[in-house]
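Just so it is clear, none of the values below were taken in a lab; they were calculated from the coordinates. This is a predicted model, so every value here is computed, not measured. Cβ placement follows ideal geometry from the backbone for every residue including glycine, while neighbour counts extend to all protein chains displayed.
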Amino acid sequence: MTTVLLVHEISLWRAALACLLSADRELLVEVTDKGGVREAAEEWSPDIFLTDLDCPDSVEVLAEVESLRCPDSGDGALVVLARGDRPGSLRRAFDAGARGYIDKFGNAKGLPEIMRKVAGGGRHIDESLAFGLLQAADVPLSRRELGVLALAAEGESVSSIAGALHLTNGTVRNYLAAAIRKTGARNRLDAIRLSKQFGWL
C-alpha cells in the first residue's frame, strides 16, 4: 500500500484529486492544507507528498514538505502538479528535491501509476514539462529569491514573508534587492512584473 499525502489549499481540487487517486486500491490517500502538513505527515508517514505549484502558499508548502522528508531513506518523495510555462515554479520544486513532475493539464488516468513509480524509488517527468524544466536552469534568481519574490507578488509584507520562511526582515530585504538587481528591474513591483512575464513566478 502506497500512502499519498495530498497537500492543496483549494478544497474542491483537493477533494477531486483525492477521489481520483482513491479509486486505486493500492493507494491510501490523506488530504490536508498547508496548516496541517506537519501533523498529517507525523500521523501517516507518507510515501508521497503531492502538491500543486499553482496553489496559493505553494512556496511555504514546498519548504514545509522539504523539512519533513527523509531523502536518504527514500521516504516522503515529493511529486508536484505543474505547468510548463512556469520555469520558476519548476526550479523551486527541483531545488526542493521533487522526483515527480505531472502536467496539471495532462491526462489524469496515469496518476496512480506515477505515485507507485515514484514511491518505489523512480522518477517521473511528463514530456510536456521537460522543456520547462530545462528552462528552469536558466532562471537567474536563486530558489530563495524566487520564494521571497513569489510571496511579495501575493502582497505579503516583508515581516510576513520573514515569518513564513523563518528569515529575518533584513534577510528578506536582501533577497528582494538581489531579485531586483538580477532582473534589471526598477523596483520590487517591476521585478515581480518581469518575473511573471518570463514565467519565473
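Here are the numbers for this structure:
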| item | result |
| --- | --- |
| Fraction of beta bridges assigned by DSSP in the chain that are antiparallel (%, nearest 5) | 5 |
| Selection from PRO46, GLY36, GLY147 lying farthest towards where the dipole of the chain points positive, charges on Cβ | GLY147 |
| Spacing of the two label points (7 Å from each Cα toward its C-beta) at PHE105 and ALA130, in nm | 1.9 |
| Estimated 222 nm signal from helices in the chain, with DSSP H stretches of n ≥ 4 weighted -39500 (n - 2.57), rounded to 500 | -15000 deg cm²/dmol |
| Relative contact order of the chain, pairs being alpha-carbon contacts under 8 Å that are 6 or more residues apart, as % | 17 |
| Order of GLU64, GLU145 - criterion: other Cβ atoms within 10 Å of each residue's Cβ, fewest first | GLU64, GLU145 |
| Projected label distance in nm at SER22 and ARG173, using a 7 Å step from Cα toward the beta-carbon | 4.9 |
| Spin-label model distance (nm) - ASN187 vs SER67, 7 Å beyond Cα toward Cβ | 3.3 |
| Local electrostatic count at GLY121 - Lys and Arg +1, Asp and Glu -1, tallied over other residues with Cβ under 12 Å | +2 |
